[in-house]
Each structure stands twice: as structure tokens, then as C-alpha cells.
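The values are calculated or read from the model by the stated rules, or taken from the named source; none is laboratory data. Since the structure is predicted, the reported quantities are computational estimates derived from the model, not experimental observations. Cβ: placed from backbone, ideal geometry, glycine included. Neighbour counts: every protein chain shown.
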Amino acid sequence: MWSREAFPLDPRSEDGSERLYRTGDRGVRDADGMVRFLGRADSQIEAPDERVEAGVIEHALLQLEEVAACAVVPVRASMLGGRTVGCAYVPSNGQALRTGDLPGRLAGRLRRELIPSRWLVLEELPVDRRGKVDRALATALMRG
């Protein structure tokens, strides 16, 4: 089933009947006409052969008693195809937690390629003016 939001009319269509497809990818056209990929407009993480909602990974993390809050974001990496999964998280009750232990704790809950490989411990997650997790800022913090 398709929706008008996912398939809007193409304003460049000569007869007004052609449609565009909103993929959820963000990009910009360079001066030479090439499209440069800027990331996702939603919270999907690209895994091999599929896209996974960040919420699936976050749900698995929040099942761990040591994690009070988290934000899973894609992070650019020089290896692994140019992207990896990052996680900014807040430990429960200020518990000291070795981030090296987290991947092992997630092994039975998530496929290996969905387990974050970059971790950032925060006192609180960054939020935008609406009070929602600011994923762009979390991603910037992950890059350091």
C-alpha cells in the first residue's frame, strides 16, 4: 500500500501525473549535478541487506539494567563500508559501566552487525527544543 506522502506528485512532470518516491535519504545536488548523500531523514540504520529502525537496537539496550537511556545513530567510519552503529547512553544510577562489556551483553539479543561499535557515555542525552532526543547532536558528539 502506498501513501501520498511517500509518493508525492512530481512538480516537474509535464502532464502532472508522474510521482516521486521519498526514500528517507537526505542529499544535496552539487554544482556539477552530482547528488551527495547526507544521511537519513529518519532513524533507520543501514545494516547489510536491510534497514533497521534505531528503536530496535535501543530497545535491546534498554533491557540492560545498566542503561537508563540511549540514542543509537549511524556514524561515519573509515572502515566497515564507511558507516558503523554508534550509541550514546546514560548509565543507570550513575553506575560505572565498562563499555567494552556492552557488546557481549547484547550478543544474544541482536545480530552482530547491529551491535554498536562506538560508544559514548553521557550524563544525559542531548534534546532539541521540543524535548526529543537530538540525534544530530548525538552523532556529532560521537565523532568527537
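Structure above, values below:
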read-out: Criterion: at pLDDT 85 or above and loosely packed, with under 15 Cβ neighbours inside 10 Å - qualifying residue of R4, R51, R19, R29; value: R19
read-out: Single residue of S117, S92 found to be in contact with a helix residue (DSSP H, G or I) (Cβ under 9 Å, 6 or more places away or on another chain), touching a residue at least 12 places away in the same chain (Cβ under 8 Å) and surrounded by 13 or more Cβ atoms within 10 Å (Cβ to Cβ); value: S117
read-out: Yes/no for S43 being closer than 30 Å to G100 by Cβ and modelled with pLDDT under 85; value: yes
read-out: Subset of region 124-136 [at pLDDT 90 or above and in a loop (DSSP other than H, G, I, E, B)]; value: E124, L125, P126
